[in-house]
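The structure under discussion appears below in the form of structure tokens.
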Amino acid sequence: MRNINKVDVLLVGAGVMSATLGTLLAQLDPSLKILMVERLNKVAHESSHGLNNAGTGHAGYCELNYTPQQADGSVVIDKALQINAAFEESLQFWSYLVEQHQLPTPEYFINPIFHQSLVWGDDVAFLRSRYEQLSKHHLFEEMEYSEDPAVLRVWMPLVMDNRDAKQKVAATQVKHGSDVDFGHLTRSLVKSLHDKGNFELRLNHGIVGMKQMPNGRWRVRVKNNHDDKVRSVNAGFVFLGAGGGALPLLQQSKIDEANGYGGFPISGQWLICNNPEIVKRHKTKVYGKAPVGAPPMSVPHLDARIIDGQACLLFGPFASITGKFLKEGSMFDIVGSLKSGNLKPMLAVAKDNLDLMRYLIGEAFATHKQRVTALRNFYPEAREEDWVLASAGQRVQIIKQCDNKGGKLEFGTEIVTAQDGTIATLLGASPGASTSVQAMIEVLQRCYPARMASAEWHAKLKQMIPSYGVSLDEDVELLRQVRNRTLSTLKLV
Ligand SMILES: Cc1cc2nc3c(=O)[nH]c(=O)nc-3n(C[C@H](O)[C@H](O)[C@H](O)COP(=O)(O)OP(=O)(O)OC[C@H]3O[C@@H](n4cnc5c(N)ncnc54)[C@H](O)[C@@H]3O)c2cc1C
């Protein structure tokens, strides 16, 4: 397909969400004409880029924010179960694509890594209780727990070396965790779409306006950043997969469902280890507990990573205050997103989250020394000269209208679709890329309900994702079958 301006599907943004949705649609109906437009000159250069996210295959194994502790000390595990089952859908889809040679051999985009959680002091009781509840469930039955420093020294030597012997520590570990290079995955999905035909990618093309036509189709104005010319694309279905930039585009669409949404951007930074000898000594992902007052996504973790085939070691993310919705965006993004419909919720959130604002401002002004001090909770021997600061991606948290308080800040993701199913977007960031397959299936269910209910699409979905339509949370036998397949196809054991 070359330079056709009337398409069935317009994917805005070349991140993991658009790439996943495009791949699902091309599998379900290869005759669909799909156009992807991206404002930057590269695919996966914002949040989906390998270094802009933590690459954790979020399965709830190590992320303590998915199992909140209640006032009575009990731990709620529902969200961890849900995320684990959602990630299994991604693993099944990627396995299918690897088997069909539509994704490269897995080590290019996904690698096995132990997922560990580490706590100390009063949090030991929390981790023990979390382990007791999770390990009873079949999704988490392989989880291990220890408070024994000798065992922990084997699990995470860098973390235990020279640690205060009097400090009470505990950890859990799951051996079949994963590290995903979402940048490589996205580029591979886009390449595969390109190879199949009926797909065109236009880089350096940004959306500058859109309007729904009387026949229900969308006329989308796309600007070529090379010659500044604006051309119209006529699309039957539009997915605003613009990551942090999705909110302004949703507002431009003027659909009723956009009303009341606002965005609260939080930027991230990593400490990256520049000493190869230290990189070699740490082989796992170690997640801790977020400091009091910190947003849930700034849970600190020490991560062995493989990005573009290179082993590296990252610590963070350090959150900070920003006005930008995209890493390559403008400090005025937040101001531009203020509309009469979301002003009240935005102001209510600013008023009710002063602790968070204080935390973010404090983080923004932290010195290198202070950041390395935070790192020493995980790696007591860390030296300032072995670490450099690098910026990660932006996350735009959802602000929503709510009756009682005027507005609330949410840390999850939400799919917003027009009632007629002709336009959709995904707001928010977490659990993000890991659950992209389940999220994009939800977009299809909302926007293509008749075709999703057809025997043809149902059969194809079952072929690609055998657990489609069944709860892995409840079906032990099916979980064992799909996990055996995905762990072996994706070489995660
Ligand atoms: C610090 C950090 C750590 C994270 N860690 C993890 C993790 O460990 N595991 C995990 O699963 N997820 C993680 N995430 C979340 C994950 O990175 C995101 O959920 C995911 O990458 C979002 O993909 P996307 O396709 O929606 O957005 P993006 O990858 O940001 O893609 C959006 C694209 O749209 C383009 N665009 C924007 N506006 C326009 C326009 N007007 N016209 C054309 N194109 C446009 C942008 O340039 C961009 O290329 C993390 C995120 C951050 C920031």
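If you go through segment 246-261 and keep only what is open to solvent by 30 Å² or more (accessible area, probe 1.4 Å) and closer than 24 Å to Lys6 by Cβ, you end up with Gln252, Lys254. Every condition in (1) away from the ligand (no atom under 14 Å from the Cβ); (2) modelled with pLDDT of 95 or more holds for Arg221 except the one numbered (1).
Considering only residues that are among the small types (Gly, Ala, Ser) and within 13 Å of the ligand (Cβ to nearest atom), which ones fall in segment 305-348? Result: Gly316, Ala319, Ser320, Gly329, Ser330, Gly336, Ser337. Do we have Thr417 as surrounded by 14 or more Cβ atoms within 10 Å (Cβ to Cβ) and more than 30 Å from Gly216 (Cβ to Cβ) here? Considered against the rule, which asks whether it is surrounded by 14 or more Cβ atoms within 10 Å (Cβ to Cβ) and more than 30 Å from Gly216 (Cβ to Cβ), Thr417 comes out as no. Among the residues making up segment 152-189, those that are farther than 20 Å from Arg376 by Cα and either open to solvent by less than 10 Å² (accessible area, probe 1.4 Å) or without any contact (Cβ under 8 Å) to a residue 40 or more places away in the chain (or both) are Gln173, Val174, Gly177, Ser178, Asp179, Val180, Asp181, Phe182, Gly183, Leu185, Thr186, Leu189.
Looking across segment 132-151, the residues that are open to solvent by 50 Å² or more (accessible area, probe 1.4 Å) and either in a loop (DSSP other than H, G, I, E, B) or in contact with a His (Cβ under 6 Å, 6 or more places away or on another chain) (or both) come down to Lys136, Glu141, Glu142, Glu147, Asp148. Where strands (runs of 3 or more DSSP E) sit wholly within segment 389-479, those with at least 3 residues that are at pLDDT 90 or above occupy 413-417, 423-428.
Out of segment 35-48, which residues are open to solvent by less than 40 Å² (accessible area, probe 1.4 Å) and near the ligand (Cβ under 7 Å from one of its atoms)? Passing the criteria: Val37, Glu38, Leu40, Ala44, Glu46, Ser48. In segment 351-365, the residues that are touching a residue at least 12 places away in the same chain (Cβ under 8 Å) reach residues that are surrounded by 14 or more Cβ atoms within 10 Å (Cβ to Cβ) and part of a helix (DSSP H, G or I) with C-beta atoms within less than 8 angstrom, at least six apart or across chains, in these pairs: Met357/Ala350; Glu363/Ser298. All of Leu10, Leu32, Leu28, Leu51 fail the test of being more than 8 Å from the ligand (Cβ to nearest atom), crowded, with 24+ Cβ neighbours inside 10 Å and touching a residue at least 40 places away in the same chain (Cβ under 8 Å), apart from Leu10. For Gly243, the conditions (1) open to solvent by less than 20 Å² (accessible area, probe 1.4 Å); (2) within 11 Å of the ligand (Cβ to nearest atom) all hold with the exception of (1).
The values are calculated or read from the model by the stated rules, or taken from the named source; none is laboratory data. Keep in mind that what you see is a predicted model, and the values were worked out from it rather than measured. Here the Cβ is made from the backbone with ideal geometry for all residues, glycine too, and neighbour counts use every protein chain on show. Remember, those area values only see protein heavy atoms, side chains included, never the ligands or the DNA or RNA. Shrake-Rupley method; radii C 1.70, N 1.55, O 1.52, S 1.80 Å.
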